[in-house]
Structures are given as structure tokens and as C-alpha cells.
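The values are calculated or read from the model by the stated rules, or taken from the named source; none is laboratory data. Values in this document were obtained by computation on a predicted structure and should not be read as measured data. Glycine also receives a Cβ, built like all others from the backbone with ideal geometry; neighbour counts cover every protein chain displayed. Accessible surface areas use protein heavy atoms only, side chains included; no ligands, DNA or RNA. Shrake-Rupley method; radii C 1.70, N 1.55, O 1.52, S 1.80 Å.
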Amino acid sequence: QFGAEFRRFSLDRYKPGKFEDFYKLILHIHHIANLEVMIGYADVHGDLLPINNDDNFFKAVSSAHPLLRVFIQRQDEVDYSNFGTNTLSRKKKALVTLRNDNLRRRPHINISMPHDFRPVSSIIDVDILPETHRRVRLYRHGCEKPLGFYIRDGTSVRVTPHGLEKVHGIFISRMVPGGLAESTGLLAVNDEVLEVNGIEVAGKTLDQVTDMMIANSHNLIITVKPANQRNNIIRSSRMSGSSGQSTDSTASHHSLPTSHMLQNFHPDEMESDEEADIVIEGGLEPQHIPKLHSLTSSSLSRINGSSLSHRLQRDLVLNNNSGRESNGNIHKLLSSLKTDPRHSLVIPRGGIEEDGTVITL
Amino acid sequence: QTVEHGFPHQPSALGYSPFLRLMAIGTRSGAIKLYGAPGVEFMGLHEENNTVMQIHFIPDQCQLVTLLDDNSLHLWSLKQHGGASELREEHRFTLKGPPGSPPSATQITAVLAHSSREVLYLGTESGNIFVVEAPSLRVLEDRSIPSEAVLQRIPEDNCNRRSCELVEALREHPKNPDLILIGYSRGLIVLWDLQNNKVTHHFLGSQQLENLYWQRDGSKFISCHYDGSYTQWPVSSDNRQPEPLENTVPYGPFPCKAISKIYWQTTKNGLPYIIFQGGMPRASYGDRHSISVIHGSQQTAFDFTSRVIDFFIIFSSEPAAEFDDPSAMVVLAEEELVVIDLKTPGWPAVHPPYLASLHCSAITCSHHVSNIPLKLWERIISAGSKQNIHYSTMPWPIDGGTNIAPDPPQRDLLLTGHEDGTVRFWDASGVCLHLLYKLSTVRVFLTDADPNDNMNTLGEDEWPPLRKVGTFDPYSDDPRLGIQKIYLCKYSGYLAVAGTAGQVLVMELNDEDAEHVVDHAEADLLQDQEGYRWKGHEKLKTRDGPVQFEAGFQPFVLVQCQPPAVVTSLALHSEWKLVAFGTSHGFGLFDHQQKRLVFVKCTLHPSDQLALEGPLSRVKSLKKSLRQSFRRIRRSRVSSRKRRGGAGNASEVQEANAKFDQDALQEMELAPVQRKIEARSAEDSFTGFVRTLYFADTFLRDSSRHCPSLWAGTNGGTVYAFCLRVPPAERRMDEPVRAEQAKEIQLMHRAPVVGILVLDGRSTPLPEPLEVAHDLSKSPDMQGSHQLLVVSEEQFKVFTLPKVSSKLKLKLTALEGCRVRKVTVANFGSCKTDDYSENDLAVLTNLGDIQIISLPFLKLQIRYPCIRKEDVSGIASCVFTKYGQGFYLISPSEFERFSLSTKWLVEPRCIVDMPEVTSNNHVHNKSGVENAARKS
């Protein structure tokens, strides 16, 4: 029970019925009628989201294509902070230690926890950047909002060996109301863009920078020099204070603030942050499917090898402590989790190598 | 970058050296190009980028002088260096008047390179003639001929101070180098004795003078005038102020346009050739660009397709020869070079071996095929020679210099598709891009244009006796005929061409003329998707019944895409006899053996309304309207030129252009340049646009059986793979070809897919169809596992096959901000050893850089800047060859060739030897002087 156990069943997509019925069905199928469980599902982006009322149940069923993967967890072990991020693989680790006591609370009472939230942006590398700069990461992942900003050419004044010089620069020219960029509050019109995903934009044309940003749009990290510096200094000092306690800043490679390396980028992270391509196989035999399902999982548990588990444990420990820490810290932690390649469950790299198919017709 | 092919953009001056037998062409951008025998060419560029106004070779020297529009003179010379000749600028010089004099005082209008090779006479706007020493270009002040000195010798009553304004022409006496003829703009002509510094004769023309020409023996000269007349004048010792012998207005009696240049060539049979430019009746033919040749009772006015820049006559330059005996006329028009054989009756044109007008009709696409088998090559040439029967058989008359470049190692074809529905086949093996054969697809369709329009339908008594010459014809009858994609299989001779209105023609090479019906099939790419309406152009109407085709490539089947959108990708597999085509709506596969459509696949995203609306949809309309307005301007420019003729309005047009440019600039500056940063989504428009199609025999389904497959990549980053079942050859006609979709890959970065390639077990790209059958390639390794390379505009990705899992990738845009525009596999051989070669990807980015990326590890090997990034049409026109060379358009009419390979390099290497400098030339000249002296 609650190890790796898989059941496959079908539901009427258009009339999924009530959550209550579904809950009972789950308990019945898995023969765990005597347990309080938390039901979650993997959405299209691979995020683990809860199913605890009619609305999100309906959403889960309607968004399933064509399989809906449902995860069942005992109520008492649910770590709510996991929801909304790419934490499916973590969850598996959490399941390693099972406890037996029962809890009485129904899940939908937990309205105070961030059930359906995801990070949309974060400030990173605060400790290594000059105070006048800000490195912002935008998570478009799973978000319906457009990135929503425009850039333009402009000139900025730089200190050079020959004195002050006007140089060409790229600036944010416009924010789309309701866009991701605006909603973060971290970017503003007339901010100068200095880097895109760790690559300096100096010497590049507007079109080149545009192309770079779009190419990185799935995980865009831009370093800006905010136009409103006063505001920035206040914020950055606060942020650096809290991040001093977080693990991310203790990354082993310390370097000068002027370094072009992104500190939060692990070497393989550039590769991993990207969503994998989708391969659809045509004309496959239907009996393939169950096999695939189990294969994916087994290969997954296999690749979550020793080095990973080590890291996960570390992250877990951190997470337990994080209750005391600021919200920003959780975000940072989550972001570091999210970017690890081996954490994405939807299409794990190893999984593809194993069988090549994830989504079946 | 090695050599430029085609016709120079905006030529502005022409020069010829009968001594070197070299021709020089100058352009508006300050380039100067020398051409001799095929393969002999040189290029130089003035630093100033100013228009070259005049070019004069220094007699009996390997030197020439150019005059730019900033009034500077430049002396160039051909010197041997490392076994080959090179063109170098030696000196430059700007004529300066005394302080305070107006600029017109030194504005050079006429240049005479004197046969003594030591001096140049420079006629100016002020009427003064300056003398500079060659080659140092130093002014010899004591030898200048001020207009005052000339005026002194002219009787007062015949002229005033203004008669000596502006020197129009300077001509040296053909026998006596001490006499020069000076023509002033207002009609006064004087013969000046250089030795004694005096006027020996003066001639009073009543009309504004345009040009002068001596008869060979120096006893007469001819002048041509602004009113369209020419006049013969005698030069004899007894009359110092002779009256004209004969005054003719060849196209009178109504007012005529100016005759701007004239030749008078003597022949053995006594009847001279009089050849002049212009002179057409102003009202009815003032818009023609003509050169008339009169020989006895024969008279023809050659009617050129564009403005005549200049022309010269090739005649016997042997000083001992008694007559000129002209052999050919070389005419540089604005858009093409035309050479007329004057020896063959009927005066046919000579087929030029170089300087071909690539842009006879605007180039819409190009395709390069390397290493053509000899058999196909010969068949194409023979088909082409049947088209060229109306050309003269005369050998190319401009034959100076020696081509010492090694013979091209292989036969290469460059195919260009044109807006008028033609495909031209060029010999691209060597330095001279030479037209082999021209294919027209127009015959298959019904168009508005009357095919007889272009025929010479001139009757006997037509006057003036105009005859159209040249091939430049930029006006397409129907833009839908435009060729967009070409694919030639060099082994089977199958050719597929696809055009603007969704037409795909498959052709076969036939050595005989034939008349047959072209089979017709429709491919509905929308496949009953509801609610779409095509707002673009209609498909072309086809001709019913059998059509007569000349020998060459003859279409046998037409596949019409519905809706008739531009064909955006095309692939032909000659072994499987299949042709695949794609538009912005989807793609299809056609079996051209059974003439049966195998399948179609719609790639449209349901939300993509724009793609359906045709070329005038919102996104494209801006681009379109810009282009149209430019075209309008171009058209009005040409027509205004036609209307008013002559060169006089060029400056006005320029002004208008400059004004337009300025306006356009201002407009652009007003709108702030900003770029939207947005991730691509499936809903973006034109995601269904099929960018690339690829046939491969590979492991698509499982790793034990390989099968034929078709791959398609779209603008939205989707790759479709279809498994094909092609019946074996013996049952090829009996069983249908079947296709089944096997895979669909969606690249998450959603960038347009520009290339798909399968690498075999040895990581070599799969060979072309029939390559193995012709023993020209090793058969692919089917043992090891195959890999799939997908190139998008942003990334290169290698996947394993048959399980499509990502193995390797190279991000380009995310790191460098550049995007892939063109990609091809190129084979790079070592220049040192014959047995080593490797396959790499040659990539052109939107910044105009060329990068070489290794296969299969996707490592960037080298990067060259190649094309300016602003040169969008240059980047769009670039084609790579299979052996690491490439071509791109540097102007509508010129290809620049470049080479990335050390082994395959095509560049001009030639030598110009000074012909034996004829001491007897001098002797002859001397005797001429004596003769002249004795006469006088």
C-alpha cells in the first residue's frame, strides 16, 4: 500500500460527476477505504495539483489528455507547499516513510495553504550582483498570462576609461497590462536590460535581443538596471538579508559580482529548464499503453539515483525549516528545485530514452 | 568571397581597349570591372563609391583612367603579380583651377588619352583644355589650351565668347597625333595643332554638338547634334573654314532626339557603316533606347530594353589596315550587355559568355546542383543550343587576356526561378556564369498575354526600322507564374518546379520536340476543414488539350494545391517516383509514376485564420504594400525615363528618390522602434506553414526494419513523419503507394523548422536518391542506429531513431541572438589529401554570418561574417552548394560567389600580357604625319 501501486480506470470525460463519488471510487479501487487520503493530479505542465472539490476535479478531468494521472497520498503526509510546483518526484520520496496514524480533518478545510498557486517570478543572485542591478526570473511555466513587455533601443551613460560615454542599450519600453511582467512588479518601463539568461546584451541589436528573449521565454532570466534606483536599493537590501540564510547563496562557486555566470545556474541547468519536446506516435497498438505507464515510473525511480536522493534530502530538510523563513525564501528554494532536470516528471529525460513515448494517441 | 557573377548593378560607363581587347564597365557605386576572354575578369573598387562617369584606356598600355562624378581622375593598371595579373589603382588626381575660379572651370567633360601614352587632354565645362601627364597625373600647365587662345583664331563675326563654353568632344587625328579635333557644345569645332599651338581649321556647326568621329584616313570627320542630325566635314589644306559636305537628319522630318554618339566605319566594299545612338523622332519614338546601323541600303534601329549607357565598335585596329571593317558592336545598356555581329548578314546578336542578365525577369528562387553527370549535362546543352539558333556563331569578339585558372573540377548547375514562370539553367562550374538553357512553364497555362507579343512583327516598310534586341523583360505577365521552388534530380533528369499559385509541375528531359497533354491533379490541403475562405489569388487556368513543347524539360503532370497558396517547400524522390509539396496550409505527396495523389495532411492550427486568407492578410499586407509601392516607383521611374528619354532626367529621378527615401526614413523615425517579447504559442499565425520536406529511408517504426519515409517541418516547430510503402519496381504500376503517419514531434520552443536530416549508422547524412545506384556514394549504413537532426531557426537537435528521444542539442538563438536562415550539409574535402573529407552543416544566420557546425556532434567549427545583416534579400537569396561554396544576390542582377572550402575554390585567375608593342605603329604614325604634312 502506498508504495508504487498503479491502477488504471476510465471516467466519462464529459460527465465526471461529483468529487465525492470520485473520492469513493478511488478508495474503492485501491482498497483503502479506511484511510484519509489526499488526491492530487498531474496537470499538463507536470505540476502536482490537488483534487479536493468538485471544481478542481472537473478541471482535472477536462484537462486530462488523454490520461489523467492521479496521485493518492495519505492525508497526514501531504506537504502543501509542494503543490503548484514540479514536485511530483519529491512526493515519491516523501512516501518512503509511511506512518500509520489516522487524521480526521477533511482536506478542503485547509483554505489557508497555497493550493493552487505557482511562483510567477523571483529575484535571484541578489548577493552577487551590484545593488543597482536586479536579476529577475519570470516563470511562464503553466501560466496563461503573456510575458507582456516590449523592449526598445536607447542610450545609457557608462563610466569608461575615457570618462563618461554614451553607449547603446536595450530598455523596456512598455508593459502589457495584466501581463506577467507587469504583475511581478519587478520590471518597469525604462529599465535597462543588461543580460538575458546570463548573456550580456551589450553589442547586440534590438532584434538579436528580442530573439534571445523569445528563445528563452520558457524560463527567462533578465538582469536589469532599474530606472527607479531608490526603490531598488531598499528592496535589494532586504532581499539579500533573507537570502543570506537560504541555501542558494551558499552555492559552492562564489565569484565576483561582475561575473557573467548566473549563480543559481548549475551547469546542466541551461539544458534542463526547458520543457521537453512532445513526441506523438501514430499507429501504435493499444496494448502498449499500460506497459508504458509502468515503464515510465520504474525508469523514473531508477534514474532518481543516489546523487539525486542526496540532494533531495537536503532540500527536504531545508523545506522543513523553511516555515520560519520568509516567503521569498520558499520561492527561491522551489525555483532551485524546479530547475533540476531530474525533477520534472512529465517527461523525464531518462523516461524518454527508455521508451520514447509519453503521450499516446 | 571569390567572384561576382551576372550583370553589374547600375552600370554607368563603358570603355574598351582594342590593344588589350579588354572591356571595362564602371558602375554607379564606384566599381570597375574588366572583361576579356571568358574567364578573364578583374574588379576594382574606388574608395569614394562615386559614380564612374567615363573610362579611357591609355593606348598601347595596360592602364586605364576613370573619371568619377566628383571630378576625380583615377589611374588603374594591370600588373602581374605571382603569376597572375591584378588590377590596382595607382594614382588619383583632382583637377584644381586657380583660386577663386568657379567649380565649372575644372569640371571635366571630355577626356582624350593621347596616343603618345604620355598625356591626357581634359576638356572642361569652362571650355579650357588641361593637359596632365600619364601615368603620374601631373598637370602640365604650359601645354593647356585655354579657350581664349582658340577664340583668337576665329573670325569675330562668326562667334562670341560663349562659343567656347563646354568641351563636348576631343578626338585625335587618326594619322597625325599632333592634331586634335575639339568640339564645343555650342557647335563650334576646331582642329588644333599641338606642335604650333594654333587652330588650323575651324568648322561652324549651327546645332548644339553632341559628339565627333574621324574617318579612318583623317580626310573627313562626322559630327552629331542635339537635333538628331549628323554632319560630314572635309578636312583639306586649302580651306581653313570648310562648309559641311552633307547634313542629314536620319529620322526626320519631324523633330528628333539628339544623336549622342556616332561612328563612321569604312569597309573594303566602299560602303561605310554609320552607327549612331539616338536620333529617333521625338514624338512617336522618343521613348526608345535605340542604336541605328546604316550600311548602304541596310538600316536597322536596334531597340534596347533599357537605357543605353554607351557602346563601342570592334574594328580592325591594325594600323596597317586600310579599312575599319567593323566586326561587332558592343552595347552596354542599363540592364544588359548586347553584342551585335556586324559581319553576318542580318546582324544577329552574339550570345555573351558572361555578364548575363540574371534578372531578365526578377529572380524568385535558386537551386544549385553539384557534379552533374556528363550525360545530363550534354542533354541540357543540346536542348539549350536548339533555343539559341538565332544567335550568331561568331566567336566572342572581346578576347583579351588568358585564363590561367585550372579547369573547373566538376560540372555545376545553378537553376534560377523567375517571376515570369521560367527556370534558367546556368553553368556555374567556373568563373563565367553562362546560360545553358531556359525553361518556360507558361505554356501549360492560359494567360492573358498574347504569346505573339514579343515576336518581331515588323513589316517591310516600317519606319524607323526598329528591331528589338536583348532579353531583359522585368514585367511579368502574371505574378502567379512565378517559380518558388525547384528540385532537379541529376541522375534521372526529373525536375520538379513549384510556383506562386500552388502549381507543382513534374518534368522529364526529352531530347525531341513533343506535343502531349499534361495530366492534371488537385490536392485539397484543407481536407474539409470548415469555415475557411481563401481570399488570395485564384489558381492558374490550364490549357486544355495537347500542348507543344520544345526539346528539353517537358512537364508531364501538374499538381494543383488548393487553396492555391505559394508552394513553400518541395521534395522529389526520383527512385520512388514521388514528389512532396507543402504550402502554408499543409503538405501532400504525389506519385508521379501512377499519377495519383497518395495523401494530404493539413497542418493548420484551427485558430490560424490568417493563413487562410491568402497573401493579403493582415500580417503580410504591410510588407506587401511596401513592396508594391516600391514596385510602383520603379515602374514610374522606368516609364518616366521612357517618356522623357535621355540621361538628363536621371538627376531629377535621383532627387525624387532621395526625397522619397527621406520621407520613408522620417516616417520610420516617428514610430518608436520596439519589439514585443512574447513566447511563441500554438495560436501564432502561420504555424502551419510547411518549411521543409525530406525523404529518407530509415528506421521510423522500429529498429529492425527500415522503410521509406517522408518528413515535414512547419513554422510552428512541428515535425511530421510518415511511413511510406512503395511497391517494388516490378509491381510499381499495379499497387498503390501507401502512407501512414508514424510520428509527430512538437518542439517545445516552437521555432520554425528549417531543416530535417537523417544520419546513418556512421553518422553520415543519407545519400541522395539514386546516388548509390549510380555508384557515386557508399550505400548508407543500415546496421548502426540512425539519428534524426532537426534544425529549427533557434536550435539544432539530434534525436535517436526510431525512438525519438533527444540526444544532443545546440542552441543558437538563446545564446547568440541569431537565427538560422539557411542550412545545408556540405562536404569539406581537404586541400592536402584527396582521401579525407567530412560532412558539416553550413549555416547562414539572419545576421549574415556563416557558421560551420560539425556532424554529428554539433560543435561550432568556424564562423565568418559574409553578408551584411541589413541585406535581407542577399540573405534570403543565399544558396549553398554541396561542396562548401555558395551564392547570394548582391543586387537584383548579380550573384556573389563565396567559398568556405579550401579545396573547391572558383575565382578568376588570368593574365594579361602586353601585346608586342608595335614599333611599327610609331613608324606608321610617323609616316602618317609625313603624309598629312605632305598633303597640307
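Scanning the stretch A:123-177 for residues that are of a type in the set (Ser, Thr, Tyr) and either open to solvent by 20 Å² or more (accessible area, probe 1.4 Å) or at pLDDT below 80 (or both) yields A:132, A:139, A:150, A:155, A:160, A:173.
Do you know which of the residues in the stretch B:468-485 that are open to solvent by less than 60 Å² (accessible area, probe 1.4 Å) and over 14 Å from residue B:331 (Cα atoms) is modelled with the lowest pLDDT? Only one residue tops the list, namely B:476.
What number of residues within the stretch B:175-211 satisfy the criterion of being within 37 Å of the chain's Cα centre (by Cα) and either open to solvent by 10 Å² or more (accessible area, probe 1.4 Å) or assigned by the TED database to the domain that holds residue B:106 (or both)? Counting residues in the stretch B:175-211 that are within 37 Å of the chain's Cα centre (by Cα) and either open to solvent by 10 Å² or more (accessible area, probe 1.4 Å) or assigned by the TED database to the domain that holds residue B:106 (or both) gives 5.
Of all residues in the stretch B:758-768, those satisfying the criterion of being open to solvent by 20 Å² or more (accessible area, probe 1.4 Å) and at negative phi are B:761, B:762, B:764, B:765, B:766, B:767, B:768. So which residues in the stretch B:811-831 are open to solvent by 40 Å² or more (accessible area, probe 1.4 Å) and either in a strand (DSSP E or B) or more than 7 Å from every other protein chain (Cβ to nearest Cβ) (or both), if there are any at all? B:816, B:821, B:822, B:824, B:831, listed by residue number.
A search for C-beta distances below 9 Å between a residue of the stretch B:835-859 that is under 22 Å from residue B:871 (Cβ atoms) and within 14 Å of chain A (Cβ to nearest Cβ) and any residue that is among the acidic types (Asp, Glu) and in a loop (DSSP other than H, G, I, E, B), counting only pairs 6+ apart in sequence or on different chains, returns B:846/B:793; B:848/B:870; B:848/B:871. I'd like to check something: does the stretch B:786-808 contain any residue that is in a loop (DSSP other than H, G, I, E, B), surrounded by fewer than 19 Cβ atoms within 10 Å (Cβ to Cβ), more than 13 Å from every other protein chain (Cβ to nearest Cβ) and in contact (Cβ under 8 Å) with a residue 60 or more places away in the chain? Checking the stretch B:786-808: not a single residue is in a loop (DSSP other than H, G, I, E, B), surrounded by fewer than 19 Cβ atoms within 10 Å (Cβ to Cβ), more than 13 Å from every other protein chain (Cβ to nearest Cβ) and in contact (Cβ under 8 Å) with a residue 60 or more places away in the chain. Taken over the stretch B:530-543, the criterion of being more than 30 Å from residue B:380 (Cβ to Cβ) and free of Cβ contacts under 8 Å to residues at least 60 places away in the same chain is satisfied by B:530, B:531, B:538.
Residue A:212 meets each of the listed conditions (1) in a strand (DSSP E or B); (2) out of contact with any Pro (no Cβ under 8 Å at 6 or more places or on another chain) apart from (1). When we screen B:77, B:101, B:17, B:29 for residues that are within 22 Å of residue B:171 (Cα to Cα) and polar (S, T, N, Q), the only hit is B:17. When restricted to residues that are of a type in the set (S, T, N, Q) and at the interface with chain B (Cβ under 8 Å from one of its Cβ atoms), the stretch A:175-204 contains 1.
Within the stretch A:138-165, residues that are facing chain B (nearest Cβ under 10 Å) have Cβ atoms under 7 Å from residues that are open to solvent by less than 30 Å² (accessible area, probe 1.4 Å) and modelled with pLDDT under 75 in these pairs: A:138/A:121; A:140/B:679; A:147/B:679, counting only partners at least 6 apart in sequence or on another chain. Among the residues of this structure, residue B:560 does not count as one that is in a loop (DSSP other than H, G, I, E, B), surrounded by fewer than 22 Cβ atoms within 10 Å (Cβ to Cβ) and either at pLDDT 55 or above or not assigned by the TED database to the domain that holds residue B:750 (or both).
Filtered by the rule that a residue be farther than 19 Å from residue B:750 by Cα and surrounded by fewer than 19 Cβ atoms within 10 Å (Cβ to Cβ), the stretch A:200-215 gives A:200, A:202, A:203, A:205. Residues in the stretch A:215-225 include none that are facing another protein chain (nearest Cβ under 8 Å), modelled with pLDDT of 80 or more and farther than 19 Å from residue A:146 by Cβ. Answer yes or no as to whether residue B:891 is surrounded by 19 or more Cβ atoms within 10 Å (Cβ to Cβ) and within 14 Å of chain A (Cβ to nearest Cβ). No, not satisfied.
Tallying residues that are β-branched (Val, Ile, Thr) and in contact with a His (Cβ under 7 Å, 6 or more places away or on another chain) within the stretch B:510-546 yields 1. Considering only residues in the stretch B:676-706 that are within 13 Å of chain A (Cβ to nearest Cβ) and in a strand (DSSP E or B), the one that is least open to solvent (accessible area, probe 1.4 Å) turns out to be B:677. All of B:464, B:406 fail the test of being open to solvent by less than 50 Å² (accessible area, probe 1.4 Å), modelled with pLDDT under 85 and part of a loop (DSSP other than H, G, I, E, B), apart from B:464.
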